[in-house]
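All remarks here apply to the structure that follows.
The values are calculated or read from the model by the stated rules, or taken from the named source; none is laboratory data. Every value quoted in this text rests on a predicted model; they were computed, and no experiment measured them. A quick note on method: Cβ atoms are made from the backbone with ideal geometry, for glycine too, and the neighbour counts reach across all protein chains shown. Note: areas computed on protein heavy atoms with side chains; ligands, DNA, RNA excluded. Shrake-Rupley method; radii C 1.70, N 1.55, O 1.52, S 1.80 Å.
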Amino acid sequence: MTFFKELARSKVGMAGFVILVLFVAVAVLAPWLGLEDPTRGSLRARMVPPDWWGPHPLGTDEVGRDILSRIVYGSRITLMVAGAAVVAGGIVGTFLGILAGYAGGITDRILMRLVDIQLAIPLMMLALLVVAALGPSMVNVVAVLALTSWIRYARIIRGQVLSLREREFVQSARAIGASGWRIMLRHILPNVLTPALVVATLELARIIVMDAALSFLGLGVQPPNPSWGRMLADGRTYISTAWWAVTFPGVAIMLTVLGVNLFGDWLRDYFDPKTRSAR
Amino acid sequence: MSDPLIEVRGLRRSYGGGRTLLGAEKPVTHAVNDISFHVMPGETLGLVGESGSGKSTAGRVTLQLEPADEGSIRFEGREITGLGAREMKPLRARMQMIFQDPYSALNPRMKVGAFVAEPLVVHKQDAHPDRVAELFRMTGLDPAFMSRYPHEFSGGQRQRINIARAIALNPSFIVADEPITALDVSIQAQIVNLFQDLQDRLGLAYLFIAHDLSMVRYLCQRVAVMLRGRIVETGPVEQIFADPRHPYTRSLLAAIPVPDPDRPRPKREIFDVSANIPAREAAMAEVAPGHFVLQP
Ligand SMILES: Nc1ncnc2c1ncn2[C@@H]1O[C@H](COP(=O)(O)OP(=O)(O)O)[C@@H](O)[C@H]1O
Ligand SMILES: [Mg+2]
């Protein structure tokens, strides 16, 4: 419970946390919020401007679909895709980072060369290539986002493991005859979870933007399912006549990323023993 | 006379060497440079020398936590250099290590009960909480603390936790690498007493590593003095204290704090290590029964 007590003391961290919780709650509760069907439009209600107390608080798009409803249902997909990608990339990257750092030698060299090679390719290009080759399905989008993400965990975790490996409790584990797997799982992994979590919050923000960019380019989740990036792409044609169609999805992306970043910054301080002992 | 529990012959271990990417030669550190010693069952051998003289390396290599470059190690009558992890594993239960820094020796993310029980789990022995509680009591810890994390303990308690883990598998030999150096002076005597108590009850043999001679007379039957990777003098503890032959041993003896200020302090010879690097071809000579000195 010290977690929430500490959080309450940081306005910025709390703000980020509240934004995130709000978005997740709305996404989870979407079907019970009495919203219109986000995929069904009405040709008689095309490009209705925002009317805060009317049937379309944030207006409608060019085929008459309710924008608020599309943003809410779009958040389900965005958060699901981004969440799954962060978890997948985090698990793979943490595991490979531990393996590289603990095993060392040839394993380490191969994995780190792989990271270098991938770093040399622009992420967006890599993502475009893979999605274009495999086709834009939700699973493929998650896979490609995770693929752009694992190297960030792997590099940071490997560095942590290199110093952990020299700690005496790891030597002590070897002295009792513990296997390499046991040492990696029981002694190294629990001690790198904190940095992994910090990387995860940074990655979540980046992946949300990248997911939006992919759907903006038409390589994300396919219509008629709503997605924030797709809404931006469709709405931008009408930006001079229907500003709301592109503005509100943009605000939604911005708010989520802001929330994740504020909370992530606080989380990093919370786990940093140096700032911790100062408190 | 019975056989030694562990016998080390001509052990060498160096670090560095090879070349950097640019082709420059990396300097070689001969951390352990041809040392030999043995420890009898139930005996304590003190390994003493200044920081950097290679004591920890000697301890780690003796337990085969890292490979020797050269030399032989016979443990319970069996050569253990070059054994694979699988052949080593049953021997790991018989030989253990206690580390200098009780803070970094405990896994901060593991409950201390699980930490003490881990050797039993690894060797598929009874790791029931009752057995762990017994280990806690043997080392002077309250078993109620089993479900706590390391940061809640003091340095002395942490060292007791390390000791409990080290004795869990009933070893016959323990390398204790400066186990009291990092502790408060008031705690040091308690931990030394615990070492002796456990030795009496379990018949343990220790290689007790220290950077000065102050606790050695009290705890050890024999001493080996190490300087720059070599043993320069070794013998029964009384003999070494009464008749030190090597100048480095004499300077270590002079450095022991004298508890009684009225007692005359032995005259302190300043020992210049860099002027006294043991020569490569220097050999040990027996000056009295069991008392060997490296000849200049
Ligand atoms: N893992 C290592 N890698 C490189 N050099 C080392 C390593 N361990 C020890 N050394 C070097 O070997 C020498 C002896 O170190 P050590 O055995 O720790 O001495 P002591 O325990 O007596 O202080 C030192 O010069 C040290 O820098
Ligand atoms: Mg040392």
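One line per residue, one yes/no per condition, for (1) more than 21 Å from A:P195 (Cβ to Cβ); (2) assigned to a helix (DSSP H, G or I):
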position: A:G16; (1), (2): no, yes
position: A:T39; (1), (2): yes, no
position: A:R44; (1), (2): yes, yes
position: A:R70; (1), (2): yes, yes
position: A:Y73; (1), (2): yes, yes
position: A:A82; (1), (2): no, yes
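Answer yes or no: is there a residue in the stretch B:88-108 that is of a type in the set (S, T, N, Q), within 16 Å of ligand 2 (Cβ to nearest atom) and not in a loop (DSSP other than H, G, I, E, B). If you could, list the steps in order and put the result at the bottom.
From the stretch B:88-108, those of a type in the set (S, T, N, Q) are B:96, B:100, B:104, B:107; that's our starting set.
Now restrict to residues that are within 16 Å of ligand 2 (Cβ to nearest atom): B:100, B:104.
Filter once more, keeping what is not in a loop (DSSP other than H, G, I, E, B): none.
The answer is no; no qualifying residue exists.
Condition first: surrounded by fewer than 20 Cβ atoms within 10 Å (Cβ to Cβ), away from ligand 1 (no atom under 14 Å from the Cβ) and either within 14 Å of chain A (Cβ to nearest Cβ) or of a type in the set (F, W, Y) (or both). Can you find one or more residues in the stretch B:69-78 that meet it?
So far as the stretch B:69-78 goes, no, none of its residues is surrounded by fewer than 20 Cβ atoms within 10 Å (Cβ to Cβ), away from ligand 1 (no atom under 14 Å from the Cβ) and either within 14 Å of chain A (Cβ to nearest Cβ) or of a type in the set (F, W, Y) (or both).
Listed by position, the helices (runs of 4 or more DSSP H) enclosed by the stretch A:137-221 that each have at least 3 residues that are under 13 Å from the mean Cα position of the chain (by Cα) are A:138-164, A:189-216. Among the residues making up the stretch A:185-218, those that are within 14 Å of another protein chain (Cβ to nearest Cβ), of a type outside the set (A, V, I, L, M, F, W, C) and in contact (Cβ under 8 Å) with a residue 12 or more places away in the chain are A:R186, A:H187, A:N191, A:T194, A:P195.
Out of A:I121, A:I106, A:I157, one residue alone is open to solvent by less than 60 Å² (accessible area, probe 1.4 Å) and free of Cβ contacts under 8 Å to residues at least 40 places away in the same chain. It is A:I121.
Scanning the stretch B:32-59 for residues that are within 8 Å of ligand 1 (Cβ to nearest atom), open to solvent by 10 Å² or more (accessible area, probe 1.4 Å) and among the hydrophobic types (A, V, I, L, M, F, W, C) returns no hits.
Of all residues in the stretch B:178-210, which are in a loop (DSSP other than H, G, I, E, B) and surrounded by fewer than 18 Cβ atoms within 10 Å (Cβ to Cβ)? Reasoning before the result, please.
Taking the stretch B:178-210 first, the residues in a loop (DSSP other than H, G, I, E, B) are B:178-184, B:203-204.
Within the stretch B:178-210, B:T181, B:D184, B:G203 qualify.
Only one residue in B:I240, B:I256 is modelled with pLDDT under 85 and of a type in the set (A, V, I, L, M, F, W, C). Which one? From the options B:I240, B:I256, the qualifying one is B:I256.
Within 25 Å of A:A132 (Cβ to Cβ), surrounded by fewer than 17 Cβ atoms within 10 Å (Cβ to Cβ) and either of a type outside the set (F, W, Y) or in contact (Cβ under 8 Å) with a residue 60 or more places away in the chain (or both): does that describe A:R230? Break it down into steps so the answer makes sense when it comes.
Values: within 25 Å of A:A132 (Cβ to Cβ): yes; surrounded by fewer than 17 Cβ atoms within 10 Å (Cβ to Cβ): no; either of a type outside the set (F, W, Y) or in contact (Cβ under 8 Å) with a residue 60 or more places away in the chain (or both): yes.
Spelling it out, it is not the case that A:R230 is within 25 Å of A:A132 (Cβ to Cβ), surrounded by fewer than 17 Cβ atoms within 10 Å (Cβ to Cβ) and either of a type outside the set (F, W, Y) or in contact (Cβ under 8 Å) with a residue 60 or more places away in the chain (or both).
Step by step: first the residues of the stretch B:126-152, then only those that are away from chain A (no Cβ under 14 Å) and not in a helix (DSSP H, G or I), then the one that is nearest to B:P90 (Cα to Cα). Which residue is that? I'd like the intermediate steps shown before the answer.
Looking only at the stretch B:126-152, we keep the residues that are away from chain A (no Cβ under 14 Å), and these are B:126, B:128-134, B:136-148, B:152.
Filter again for not in a helix (DSSP H, G or I), leaving B:126, B:128, B:139-142, B:148.
Numbers: B:D126: 16, B:H128: 20, B:T139: 24, B:G140: 28, B:L141: 28, B:D142: 30, B:R148: 30 Å.
The residue in question is B:D126.
Checking the structure you have, find out if any residue of the stretch B:115-125 is in contact with a helix residue (DSSP H, G or I) (Cβ under 9 Å, 6 or more places away or on another chain), away from every other protein chain (no Cβ under 14 Å), in a helix (DSSP H, G or I) and open to solvent by less than 10 Å² (accessible area, probe 1.4 Å). No, every residue in the stretch B:115-125 fails to be in contact with a helix residue (DSSP H, G or I) (Cβ under 9 Å, 6 or more places away or on another chain), away from every other protein chain (no Cβ under 14 Å), in a helix (DSSP H, G or I) and open to solvent by less than 10 Å² (accessible area, probe 1.4 Å).
Candidates A:A100, A:A178: the one that is crowded, with 18+ Cβ neighbours inside 10 Å and within 14 Å of chain B (Cβ to nearest Cβ) is A:A178. Restricting B:V112, B:V28 to residues that are within 14 Å of chain A (Cβ to nearest Cβ), β-branched (V, I, T) and either more than 16 Å from ligand 2 (Cβ to nearest atom) or open to solvent by 10 Å² or more (accessible area, probe 1.4 Å) (or both) narrows the list to B:V112. Listed by first and then second residue, the pairs linking a residue in the stretch A:46-61 that is open to solvent by 50 Å² or more (accessible area, probe 1.4 Å) to a residue that is part of a loop (DSSP other than H, G, I, E, B) and among the aromatic types (F, W, Y), with Cβ atoms under 9 Å apart and 6 or more places separating them unless they lie on different chains, are A:P49/A:W243. Selection of the stretch A:233-252 for residues being within 30 Å of A:G13 (Cβ to Cβ) and open to solvent by 20 Å² or more (accessible area, probe 1.4 Å) yields A:T247, A:F248, A:G250, A:V251.
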